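Student: Below you will find the structure I want to go over with you.
The values are calculated or read from the model by the stated rules, or taken from the named source; none is laboratory data. Every value quoted in this text rests on a predicted model; they were computed, and no experiment measured them. Positions of Cβ are backbone-derived with ideal geometry, glycine not excepted, and every protein chain shown enters the neighbour counts.
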Amino acid sequence: MTRNDFITIVEQTQGAFRRFLTALCGGDSFQADDIAQEAFLKAYLACDDLSADSKFKPWLYRIGYTTFINHQRSKSKHSSTSSIDAVADVIATDSSDDAFRYQELHEALVKLSEKERSAVLLFYLEDYSTKEIAEIMETSNVAIRQLLTRGRKRLREFLKQID
Amino acid sequence: MEKDDKLRNLFANYNPHLPDKADFMESLQRKMESLEWIKNRQAQERSRHRKAVFIAAIIGIVIGFAISLFVPLIANALFGLSKCLSFDTNFDIIPQKYFVGAWMIVSVGAVFTSINAYDFCSAMMLRRENH
C-alpha cells in the first residue's frame with residue numbers, strides 16, 4: 001500500500017474512528033485523537049502485512065481498541081484520579097454545547113468496564129455483528145454476547161439513574 | 001443478537017464535536033514523515049551492515065587462506081623456539097603440538113582481521129553516506 005493510498009483510506013475512515021474513540025474515552029476528544037493518531041501510525045507501519053482479502057476498517061478498529069487498552073493501563077499506573085473525575089474534568093474544560101448534550105451518555109459509558117464499553121460501542125455505534133466484534137476484540141462470540149448483555153443492562157440502569 | 005431500540009436511537013444520534021479534521025490530518029502526516037525518515041535510516045544501516053559483513057568475511061577467508069600457507073613455517077619456528085627454551089624434548093611429538101599451535105595462531109589472526117575489516121568497512125560506508 002502506498003502512502004497516498006493510506007492517506008486516502010485515513011481520510012475516509014477518520015471521522016467514524018475518532019467518534020468511536022471519543023465515546024470510548026468518555027467524551028475526551030483530545031485523548032481520543034491521540035489514540036487515533038497512534039493507531040493510524042501503527043496501521044501505517046503494519047499495512048504491508050495486511051492481506052489482500054482482509055478488511056482495513058475492522059483491522060484498524062482492532063489496533064485502536066488495543067491502543068486504547070494500553071493507554072488505560074498506563075494511565076492507571078501513573079494516576080490515582082478516578083475515571084468519573086476525569087470525565088468531569090473534561091466536561092468542565094470543554095465549552096462546546098456537545099459536552100453537555102452527551103454528558104449523561106459519557107458518564108454512563110465510563111461506568112462500564114473497558115471491554116463492556118468497547119463491545120456496546122462497536123455493536124450500536126459502528127453496527128458490527130457479534131462475530132466481527134469478537135475478531136476485533138480477539139475473544140470468543142460467546143464472551144462478546146455476555147459483554148453486550150451485561151453492558152447494555154448496566155448502561156440502561158445508569159441512564160435511568162441519571163434521568 | 002437483537003438490538004435494544006432505546007440504545008440504538010441514542011447512538012444513532014451520537015455526533016460529538018471533534019477537533020478540526022485538517023489539523024488532525026496535518027499532525028498525522030508530519031508523524032508519518034518522521035516514521036518514514038527513521039525507517040529509511042534503519043534500512044540504510046541494515047544495508048551497510050550486510051555489505052560490511054560480506055566484505056569482512058571475504059577478507060577473513062583470504063587472509064586465513066594466505067596465512068595457512070605459512071603454517072609449516074610457523075610450526076617450525078615454534079618448534080625451534082621450544083628447542084631453545086627446553087632441555088628435554090621429544091623430537092617425534094613436538095611438531096604435531098606446534099602445528100596445532102600454528103593453526104590456533106592462524107584462526108585468531110583471521111578472526112582479528114575480519115573484525116577489523118568489518119569495523120573499517122562500516123566506518124568508511126558511514127563516512128561516504130554522510131558526505
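Student: Can you confirm whether residue B:24 is at the interface with another protein chain (Cβ under 7 Å from one of its Cβ atoms), within 30 Å of residue A:124 (Cα to Cα), touching a Leu at 6+ places or on another chain (Cβ under 6 Å) and assigned to a helix (DSSP H, G or I)?
Tutor: When the stated conditions are applied, residue B:24 does not pass them.
Student: Please go through the stretch A:131-163 and give me each residue that is among the charged types (D, E, K, R) and in contact (Cβ under 8 Å) with a residue 24 or more places away in the chain, ordered by number.
Tutor: A:132, A:135, A:138, A:150, A:152, A:154, A:163
Student: Select from the stretch A:104-129 the residues that are within 15 Å of residue A:65 (Cβ to Cβ), within 9 Å of another protein chain (Cβ to nearest Cβ) and assigned to a helix (DSSP H, G or I) and list them in ascending order.
Tutor: If the condition is that a residue be within 15 Å of residue A:65 (Cβ to Cβ), within 9 Å of another protein chain (Cβ to nearest Cβ) and assigned to a helix (DSSP H, G or I), then A:120, A:121, A:123 are the ones that fit.
Student: Go over the candidates B:30, B:48 one by one and state the one that is assigned to a helix (DSSP H, G or I), basic (Lys, Arg) and either touching a Leu at 6+ places or on another chain (Cβ under 8 Å) or more than 14 Å from chain A (Cβ to nearest Cβ) (or both).
Tutor: Sole residue among the options that is assigned to a helix (DSSP H, G or I), basic (Lys, Arg) and either touching a Leu at 6+ places or on another chain (Cβ under 8 Å) or more than 14 Å from chain A (Cβ to nearest Cβ) (or both): B:48.
Student: Restricting attention to the stretch A:122-152, and to residues there that are of a type in the set (Val, Ile, Thr) and buried (at least 16 other Cβ atoms within 10 Å of the Cβ), which single residue is nearest to residue A:108 (Cα to Cα)?
Tutor: In this case the residue turns out to be A:144.
Student: Hey, among B:78, B:10, which residue is among the hydrophobic types (A, V, I, L, M, F, W, C), facing chain A (nearest Cβ under 8 Å) and on the phi < 0 side of the Ramachandran plot?
Tutor: Going through B:78, B:10 in turn, just one is among the hydrophobic types (A, V, I, L, M, F, W, C), facing chain A (nearest Cβ under 8 Å) and on the phi < 0 side of the Ramachandran plot: B:10.
Student: Okay, next question. Could we say that residue B:36 is surrounded by 11 or more Cβ atoms within 10 Å (Cβ to Cβ), over 26 Å from residue A:32 (Cα atoms) and of a type in the set (Asp, Glu) here?
Tutor: So residue B:36 does not fit the description; no.
Student: Being touching a Lys or Arg at 6+ places or on another chain (Cβ under 7 Å) and either within 26 Å of residue A:15 (Cα to Cα) or modelled with pLDDT of 90 or more (or both) narrows it down to one residue among A:136, A:144, A:69, A:84; which is it?
Tutor: Only one candidate qualifies: A:136.
Student: Can you tell which of B:114, B:122, B:68, B:27 is at pLDDT 85 or above, surrounded by 13 or more Cβ atoms within 10 Å (Cβ to Cβ) and polar (S, T, N, Q)?
Tutor: B:27
Student: Only residues that are without any contact (Cβ under 8 Å) to a residue 40 or more places away in the chain, surrounded by fewer than 17 Cβ atoms within 10 Å (Cβ to Cβ) and more than 11 Å from chain B (Cβ to nearest Cβ): list them for the stretch A:9-52, please.
Tutor: Hits for the stretch A:9-52 are A:12, A:46, A:49, A:51, A:52.
Student: Okay, moving on. Would you confirm, using the coordinates I've provided, whether residue A:3 is at pLDDT 95 or above and either charged (D, E, K, R) or within 23 Å of residue A:102 (Cα to Cα) (or both)?
Tutor: no
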